[in-house]
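The structure appears right after this line, and notes come after that.
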Amino acid sequence: MFGLPFETALLVFGFPVFWILYMVVFLYVSRRWDRDSATEDDAS
Amino acid sequence: MSGTVIFFLVLYYVVVLGIGYWAMRRGGGEDLEGYLLGGRQVGPIATALTLQSTSMSGYMFLGAGGLGFAQGYWALWYAAGDIGGGLLNLSVIGRRMRKMSQMMGALTSIEYLEKRYPSPAIRLVAGVLTIFLLGFYVLAQLIAGGKGMALVTGISYPLALAIAVGIILIYTFMGGYLAVAYTDFFQSLVMLVGVMWILIAALSELGGLTAANTALSELDPTLLSVWGRGLGFEGQWGVVAGAILIFSVGYMGWPHVVTRHMAMSRPATARRAGFWATIWSLFFVPAPYLVGILAILILPGLDDPEMAIFQVAGQLLPAAVTGLVMAAIMAAIMSTADSLLLQTGSIASRDIYERFINPRASERQMVMVSRGLVVAVAVIGYVVALVEPPTVFSIVIFATSVLGSAFLPAYVCAVWWRKANTPGALASMIVGATVAFVWEYAGLVNTTELHPMLTGVVSSTITMIVVSLATQTISPVPAYILDAMGVSSKVGPIPERFLAATEFDLANEAAAVGKAIEEDSQDG
């Protein structure tokens with residue numbers, strides 16, 4: 001890919017893909033965080 | 001010296017100062033919480049971009065480009081972890097640290113450590129260590145600013161360095177955290193546009209990425225490998241692991257970066273900030289390394305690899321765009337330098353001077369101490385940068401390895417591990433800093449093929465676990481801290497009983513007095 005050896009292509013493109021997947025999982029796991037608030041007043 | 005370049009630089013400084021002035025007028029500086037944490041009112045996009053632009057320093061334009069030029073695609077091991085560093089930081093400790101810091105009434109990241117691990121020794125060791133290491137980190141920013149400005153404007157290095165130091169000082173004195181956060185927001189956008197512009201220009205010059213890689217392969221096939229030029233790092237997984245760790249998990253141990261969590265408007269801000277931090281990093285982080293690699297073809301006779309990005313910009317871009325790129329580089333330097341200096345001054349005044357030297361210090365005295373130390377750090381940095389400037393890469397790797405090794409377990413365990421206690425945190429900080437320092441200073445990287453960040457973090461983590469478990473009976477984690485940890489782990493509002501931070505201070509004091517009485521009775 002782009003004239004790169006396989007291992008290097010994995011380094012260049014694999015890590016960004018990993019972090020995007022991590023972000024998707026994080027957004028899913030934290031989907032209820034919006035209920036969180038600093039104070040009880042904020043929550044009401 | 002191009003008038004167009006100077007015009008864009010001056011325009012950039014005027015805009016940044018204007019934003020800083022607007023942020024000051026907007027408020028948030030009426031009291032100490034307002035000055036140090038912007039009144040805890042920073043939203044998700046501003047949090048993401050101040051976190052990222054503070055983490056990404058002048059290193060990205062000098063060290064990263066230089067590493068790409070010297071080692072080819074091997075340099076991207078550093079980018080591999082860095083892309084997710086902000087996201088990891090926000091997702092692991094962001095929300096919990098925001099809640100804990102408010103419940104404990106902590107205003108600096110070092111004060112936060114003392115309140116979670118109640119002992120003056122924690123604050124003293126962490127404060128001194130942080131001031132020393134952030135001072136080193138500031139030195140790298142001053143050198144980067146001086147070198148860059150000298151090259152682009154054509155003035156001498158000593159004069160360029162003096163101008164860079166002067167601008168950074170004026171800018172830091174302008175205001176508190178809110179001014180820093182909002183100017184960081186603007187600067188992160190300038191950094192992104194600037195570096196992408198150079199990358200696109202370099203790729204256009206070489207006929208695209210595939211053509212550039214083919215040309216690199218013809219020049220030296222090892223430049224395309226994951227093991228560096230001449231396969232110099234072949235099989236050195238210990239060095240690779242450290243390169244990935246330093247700018248991924250390492251950020252969680254940087255006191256000037258984790259402060260960003262404490263200033264978020266709500267604990268849940270960490271979620272959206274994680275999204276924006278990732279989007280920004282995906283575009284920004286790999287670009288300087290790639291420009292450095294492409295510079296091998298564009299500038300084959302380059303003497304100083306750390307000048308690769310400046311030289312590519314000067315050679316390929318018109319003067320107006322070079323001015324914008326220079327502004328982007330100064331943005332990277334200043335957005336880190338101001339945060340470092342603000343943190344160094346805050347720690348010196350609140351965590352050392354007020355805590356140990358003059359507990360009755362007025363806010364005016366504390367501001368004077370803070371500004372005095374900022375000037376001292378800048379002057380010392382100027383002299384060192386003038387007399388014998390080390391490479392930006394070496395300083396940043398040294399300072400960040402030691403910082404990450406010393407503080408990573410302390411910050412992560414503070415919100416995740418209920419058995420993490422004061423002796424464990426203290427021993428972890430000392431062992432982590434010592435191991436990383438010795439590894440780097442004694443040159444053990446070459447003989448052991450292990451990165452100082454890897455050895456430092458592993459040793460500080462093991463120390464935290466072993467010492468905390470071994471001292472549970474003599475130094476248990478106080479019940480009120482366990483209570484606060486329980487609240488921070490759950491999604492929901494902070495109970496009323498925690499909102500008056502004075503209660504936490506009283507609990508801290510009561511625990512200390514109780515322990516003293518207990519020791520007295522045992523002695524008696």
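The values are calculated or read from the model by the stated rules, or taken from the named source; none is laboratory data. Here the structure is a predicted model, which is why all the values come from computation and not from measurement. Neighbour counts run over all protein chains shown; Cβ positions are idealised from the backbone, glycine included.
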| Subset of the stretch A:3-21 that is farther than 28 Å from B:Trp276 by Cα and facing chain B (nearest Cβ under 8 Å) - its residue that is surrounded by the fewest Cβ atoms within 10 Å (Cβ to Cβ) | A:Glu7
| task | Give the residue that is modelled with the lowest pLDDT, with candidates limited to residues of the stretch B:37-53 that are part of a helix (DSSP H, G or I) and surrounded by fewer than 24 Cβ atoms within 10 Å (Cβ to Cβ). | result | B:Gly39
| Just checking, how many residues over the stretch B:382-394 are part of a helix (DSSP H, G or I) and either surrounded by fewer than 23 Cβ atoms within 10 Å (Cβ to Cβ) or at pLDDT below 80 (or both)? | 8
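Looking at the stretch B:419-428, can you tell me whether even one residue there is among the charged types (D, E, K, R) and modelled with pLDDT of 95 or more? Working first, answer last.
Initial filter on the stretch B:419-428 (among the charged types (D, E, K, R)): B:419.
Those still in the list that are modelled with pLDDT of 95 or more too: B:419.
So far as the stretch B:419-428 goes, yes, one or more of its residues are among the charged types (D, E, K, R) and modelled with pLDDT of 95 or more.
Here's the yes/no breakdown for (1) of a type in the set (Ser, Thr, Tyr); (2) facing chain A (nearest Cβ under 9 Å); (3) closer than 15 Å to B:Pro267 by Cα; (4) surrounded by fewer than 24 Cβ atoms within 10 Å (Cβ to Cβ):
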site	(1), (2), (3), (4)
B:Ser55	yes, no, no, no
B:Ala64	no, no, no, no
B:Ala70	no, no, no, yes
B:Tyr73	yes, yes, no, no
B:Gly85	no, no, no, no
B:Ser91	yes, yes, yes, yes
B:Arg96	no, no, yes, yes
B:Ser101	yes, no, yes, no
B:Ser109	yes, no, no, no
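Conditions (1) polar (S, T, N, Q); (2) within 14 Å of chain A (Cβ to nearest Cβ); (3) touching a Lys or Arg at 6+ places or on another chain (Cβ under 7 Å), marked per residue:
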{"residue": "B:Trp227", "(1), (2), (3)": "no, yes, no"}
{"residue": "B:Glu234", "(1), (2), (3)": "no, yes, no"}
{"residue": "B:His261", "(1), (2), (3)": "no, yes, yes"}
{"residue": "B:Arg271", "(1), (2), (3)": "no, yes, no"}
{"residue": "B:Leu294", "(1), (2), (3)": "no, yes, no"}
{"residue": "B:Leu299", "(1), (2), (3)": "no, no, no"}
{"residue": "B:Ala308", "(1), (2), (3)": "no, no, no"}
{"residue": "B:Ala313", "(1), (2), (3)": "no, no, no"}
{"residue": "B:Val321", "(1), (2), (3)": "no, no, no"}
| field | Flag if B:Ala243 is under 26 Å from B:Ile45 (Cβ atoms), under 23 Å from the mean Cα position of the chain (by Cα) and within 13 Å of chain A (Cβ to nearest Cβ) | value | no
| Long-range neighbours under 9 Å by Cβ, at least six apart or interchain, first residue part of a loop (DSSP other than H, G, I, E, B) within the stretch B:355-374, second hydroxyl-bearing (Ser, Thr, Tyr) and surrounded by 12 or more Cβ atoms within 10 Å (Cβ to Cβ) | B:Ala361/B:Ser349; B:Ala361/B:Tyr353
| query | Scanning for something at pLDDT 85 or above, β-branched (Val, Ile, Thr) and touching a helix residue (DSSP H, G or I) at 6+ places or on another chain (Cβ under 8 Å), does the stretch B:89-107 turn up at least one residue? | reply | yes
| message | Out of the helices (runs of 4 or more DSSP H) lying entirely within the stretch B:191-287, which hold 2 or more residues that are crowded, with 24+ Cβ neighbours inside 10 Å? | response | B:237-246, B:255-262, B:269-284
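Looking at this structure, is B:Pro255 touching a helix residue (DSSP H, G or I) at 6+ places or on another chain (Cβ under 6 Å), within 9 Å of another protein chain (Cβ to nearest Cβ), touching a residue at least 60 places away in the same chain (Cβ under 8 Å) and of a type outside the set (Val, Ile, Thr)? If you could, list the steps in order and put the result at the bottom.
Numbers: touching a helix residue (DSSP H, G or I) at 6+ places or on another chain (Cβ under 6 Å): yes; within 9 Å of another protein chain (Cβ to nearest Cβ): no; touching a residue at least 60 places away in the same chain (Cβ under 8 Å): yes; of a type outside the set (Val, Ile, Thr): yes.
Here the answer is no, as B:Pro255 does not meet what is asked.
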| message | Looking only at residues that are at pLDDT 95 or above and at the interface with chain B (Cβ under 7 Å from one of its Cβ atoms) in the stretch A:22-44, which one is farthest from B:Ser217 (Cα to Cα)? | response | A:Leu27
| request: For the stretch B:206-222, enumerate the residues that are more than 10 Å from chain A (Cβ to nearest Cβ) and touching a residue at least 24 places away in the same chain (Cβ under 8 Å). | output: B:Leu206, B:Leu219, B:Asp220, B:Thr222
| Tally time: how many residues in the stretch B:288-321 are over 12 Å from B:Leu203 (Cα atoms) and surrounded by fewer than 24 Cβ atoms within 10 Å (Cβ to Cβ)? | 17
| field | Output for the stretch B:174-205, where each listed residue is touching an Asp or Glu at 6+ places or on another chain (Cβ under 9 Å) and either within 13 Å of chain A (Cβ to nearest Cβ) or closer than 12 Å to B:Leu290 by Cβ (or both) | value | none
| Of these, B:Leu302, B:Leu297, which one is touching a residue at least 12 places away in the same chain (Cβ under 8 Å) and outside any helix (DSSP H, G or I)? | B:Leu302
| query | So which residues in the stretch B:72-97 are within 19 Å of A:Phe13 (Cβ to Cβ) and of a type outside the set (Gly, Ala, Ser), if there are any at all? | reply | B:Tyr73, B:Trp74, B:Leu76, B:Trp77, B:Tyr78, B:Asp82, B:Ile83, B:Leu87
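Just for helices (runs of 4 or more DSSP H) wholly inside the stretch B:452-514: which have at least 2 residues that are modelled with pLDDT under 90?
Filter on the stretch B:452-514 gives B:452-470, B:496-499.
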